[in-house]
Every structure is written in structure tokens, then in C-alpha cells.
There are 2 protein chains.
Amino acid sequence: MAKIKRNRNGTRKDVIIAKAAKLFREKGFSATSMRDLAEHVGVEAASLYNHISSKAEILQEICFKIANNFMSHIEEVDATPNKSAIEKIQAILRFHIKQMLDNYEEVYVSDREWKHLTDPYLSNIQSQRRTYRQRFASVIEDGIRKGEIKPIDAPTAVLIMLHAVSGIESWHRSKKKIAGEVLEDNMVQILVDGLRKQA
Amino acid sequence: MAKIKRNRNGTRKDVIIAKAAKLFREKGFSATSMRDLAEHVGVEAASLYNHISSKAEILQEICFKIANNFMSHIEEVDATPNKSAIEKIQAILRFHIKQMLDNYEEVYVSDREWKHLTDPYLSNIQSQRRTYRQRFASVIEDGIRKGEIKPIDAPTAVLIMLHAVSGIESWHRSKKKIAGEVLEDNMVQILVDGLRKQA
DNA sequence: ATAAAATGCTAACAATTGTTAGCGTGTTTT
DNA sequence: AAAACACGCTAACAATTGTTAGCATTTTAT
């Protein structure tokens, strides 16, 4: 009987979810079995159910935690006065990149594996993602109207930004990594300059 | 006994692979069962094995077909004389976008599901992807050296380009789509302007 | 027309899946 | 000390998985 070791301030459930996020990222939600997960946690599969109610619940927790995280950040940025559109975009972009660097496993999983949620969670997350993209797009459209940003299709720009960021996955997997801050600056520079209206 | 209907010039195996690509995209490789696939093909699961040898083989065929496709294109572009770095990047980018528009299912699957290959195919595809990215990066580095492109980290730029393109998935899923050509032009413009050295 | 090949079917297999029941032990609360 | 709880275990379940064997039927080649 080897108990699950908690980190300070964390429940055993948290430990399970963290390990699950790692496995879901590596092999995908469907290809990860509960016995797989149990082994990495250091316990028998059945014991997991003392802490979680189902495999699906794990994915739900991951997805909604991350979604809320991003949603509240964009609302915060949006509400900040005296910020140009470009500055707002930079803030959003940097937040995405930082999250992808610090909270890699869960952010990645929530981005790639949400399709395996089932209703009502599926519909819920889909609608959250939609409104997030729309908020992002309207920041861009605002910038176009003000002449800060060149006249492009805003949803396309959003799509580029969000997916570019998720490419940080291959940075994580690469052997010779540049520093995280350098990566961040490079990404922001390339992407923002792509939007900026040139004089 | 309902036979698999072939399209002209296509084998029954091709039909199976095409349907599989669609399902693999929608639900992922692991979450797609052979009985699932069989149903969409209009046949019993066991009958599929008259045309393919395993589920794994289907994924292999998809991944390597697409990988070869991209590999031979970049070689072609690379070998073209009298082309600036920017022009080469545009060519590569437009090819990716066109592939993602015309050959959506298979391109997307090969990009997202290659992790489920097993050795030796896994190692093979990993190395192909690596060399592809390196080739792409060296086009960019060439452009930096010639002063066409601003001094940025080339691997980061590659990562942005490739992942941005894969975002076309959400364009496919969206209700109100702009035209494919408009999407292409927008993407190329944003991404290339992000690289270009401003005067 | 006959033989050979292609292609479908049903039935079954061993393995793996997520999950539950029931029990024991250790820990906390009363 | 007793009662309640938390948390681990083994064993088992029904469902689903990829795949094979064996046979029937249709299509193609001789």
C-alpha cells in the first residue's frame, strides 16, 4: 500500500491530474489507459477512483481550468484603459506563450484533446473557445479601424496567432532550445510585425 | 453483401483510407475503431482486412504519402534558381495552405496523429519531419544573410509558419468561411510581412 | 463453362478497456 | 478507546478492441 505523495498545498487529486496531463499530452486522451495512469501515479488503477469519479472528469477539469484561465485574462486585457490595439495583442500573445512555457502539459492537452469531452461539457467548451476567438478578433478589428493594423481578415489573424503559439510544443520537444524569453520575443515580434500597418 | 464502391481510378483500399482519414481527423486515430470505419465504408469490420493488413497500416500510408508530398515539394522549391528567399518562403507557404485546403483530411491527420505510429515508421517520420523543418529553416537563414529577412531565430519562424497553417482546421470547421484564396492571401501576407526586413 | 481470384459474411479469439464491489489497514475525530 | 473516515488492495464485470479462420458468393481470367 503505497500512498500517493502529495506536494505541499495540493490534494492527491491534483497529483493525479498532473500526471494525467503529462500522459494525455504524450499519447493522447484515448490512448492513455487508467492502468497506465495508475502506474505513473504509483498505485493500482482502482485506487484512482478514491480521488476522481471517471477518466472523463480528469479531462474536464483540465479543459475548464485552462479555459477559465484564458478567458479571465482576455477580459482583464480588454478592460484595461489607455492601451493600443497592438499593445493588447502583445499582452494576449505573451500570456499565451508564457502559459505554454510554464503550464505546458495542461494547456496543450486542453487545446488538443477537448474534442474527447462529451456533452454538456463539449458544447460548453466549444462555445467558450468561440467567444474567446471572437473577443480576440474584435481587438484586431478595433486596431484596423484605428489604423494601427493593416486591413486583414481578423479571424484569420486570430487563427494564425493561436496556432502559432501551440507550436511551442515542438520547442519543448527539441534538443537545443533557445531560452524561453528569446522564444517569446521572437514570436511576438514576427507575429505583431505581420499585423502592423507599415508606415 | 454490399461491395465497396470504388471511384474511377481508385482501388477499394483507397476508399478505405479516405474514409479512415476523415474519421481519424474527427475523432483521432485511437478513438476510431475498425468497426466504426467499417460502418462508414458500408461493410463488416472483418471485410476491411481483404484490402488492408492492419489499422496501423492505414495510418502509415496516410503519413508517408503526405510526408513525401511535402518533402518533394520543398526540394523542388529549393532547387529553383533565381528565386529570392522571400519568394521561396511564399511558395512553401502557399503549398502548405493549398494542401490544407484541398487535401484537408489526410494532411491534418498526418500532422496530428503521426505520434501513434510505431517503430520503425515512427522514427522514420520523425526524422523526415526534422529534416523538412531544417530545410525550411535554412531558406530563412539564407534570407537573413542576404538581408531580405530581419534577424530572427529561424527555427522559431518555421514553427510559427507550420503551426499557423495547421490552424486552417478551424477555418474548415467554421460556419461563415471566407473564400479559400482570400484565406491564403491573408495568411501569406501576415506571415511574410512578419519576417520581412522593413526599410 | 470452368477455374481462379477477389471480396464479402458470421463467429470467434484474446487482450484491453473503464469501472465497481468488497475488504483491509491506517489515520483522524469523537 | 471507539467510531468514522480515507485510501489502498484484489478480483471481477461487461463492453469494446484489433484481428483471424473458415466459408459463401461474386467477378475475372482461361
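Taking both sides together, the accessible area buried where A meets B is about 3000 Å² for a 1.4 Å probe.
Residues of A:146-154, mean number of Cβ from any other protein chain within 10 Å of their own Cβ, rounded to a whole number?
Numbers: counts 0, 0, 0, 0, 3, 1, 7, 8, 1.
Rounded to a whole number, the mean comes out at 2.
Projected onto its three principal axes, the C-alpha set of the range A:70-139 covers 41, 24, 15 Å, listed from the longest axis down.
Peptide A:160-173: average number of partner chain Cβ atoms within 10 Å per residue? Each step should come with its number before you reach the end.
Working: counts 12, 4, 4, 10, 13, 4, 5, 10, 4, 2, 8, 3, 0, 1.
Per-residue shielding by partner chains comes out at 6.
Annotation: amide H-H contacts under 5 Å for B:ILE149 (H modelled 1.01 Å from N, sequence separation of 5 or more, or interchain): B:ILE144, B:LYS197. Over the range A:1-120, all Cα pairs binned in 5 Å intervals from 0 give whole-percent P(r) values of 2, 10, 19, 19, 17, 12, 8, 6, 4, 2, 1, 0, listed from short to long. Before anything else, pin down the relative contact order of chain B: Cα pairs under 8 Å, at least 6 apart, normalised by residue count, whole percent. Relative CO of chain B lands at 22 percent. Annotation for the range B:1-89: trypsin sites (Lys or Arg not before Pro) lying in DSSP loop with at most 12 further Cβ atoms inside 10 Å of their Cβ are B:LYS3, B:LYS5, B:ARG6, B:ARG8.
Per residue, the Cα convex hull of the range B:112-153 amounts to 66 Å³.
List the GluC sites (Glu not before Pro) in the range A:38-115 that DSSP assigns to loop (not H, G, I, E or B) and whose Cβ has at most 14 other Cβ atoms within 10 Å. Which are they? Working shown, then result.
Numbers: sites: A:GLU39, A:GLU44, A:GLU57, A:GLU61, A:GLU75, A:GLU76, A:GLU87, A:GLU105, A:GLU106, A:GLU113; in loops: A:GLU44, A:GLU113.
Counting only loop positions with at most 14 other Cβ atoms within 10 Å, the GluC sites (Glu not before Pro) in the range A:38-115 are A:GLU44.
Judged by the gyration tensor of its Cα atoms, with axes a ≥ b ≥ c, the range A:55-195 is oblate; a/c meets the 1.5 cut and b/c is at least as large as a/b. The Cα atoms of the protein assembly as shown define a convex hull whose projected area, averaged across directions, is 23.3 nm².
Accessible area per residue for the protein assembly as shown, computed on protein heavy atoms with a 1.4 Å probe, is 50 Å².
Each residue, A:GLU76 and B:ASN7, gets one label point 7 Å from its Cα in the Cβ direction; the gap between the two is 4.9 nm. Our helix-only sum for chain A, with -39,500 (n - 2.57) per DSSP H run of n ≥ 4 divided by its residues, gives a mean residue ellipticity at 222 nm of -22500 deg cm²/dmol. Among the trypsin sites (Lys or Arg not before Pro) in the range B:123-173, those placed in a DSSP loop whose Cβ has at most 13 other Cβ atoms within 10 Å are B:LYS146.
Shielding of peptide A:86-96 by partners, expressed as the average count of other chain Cβ atoms within 10 Å per residue Cβ, is 0.
The values are calculated or read from the model by the stated rules, or taken from the named source; none is laboratory data. Just so it is clear, the structure is predicted and the values come from calculations on it, not from any experiment. As a convention, Cβ positions derive from the backbone with ideal geometry for all residues, glycine included, and neighbour counts pool all protein chains shown. The protein model used for the area step is the full one, side chains on, heavy atoms only, and it has no ligands, DNA or RNA in it. Shrake-Rupley method; radii C 1.70, N 1.55, O 1.52, S 1.80 Å.
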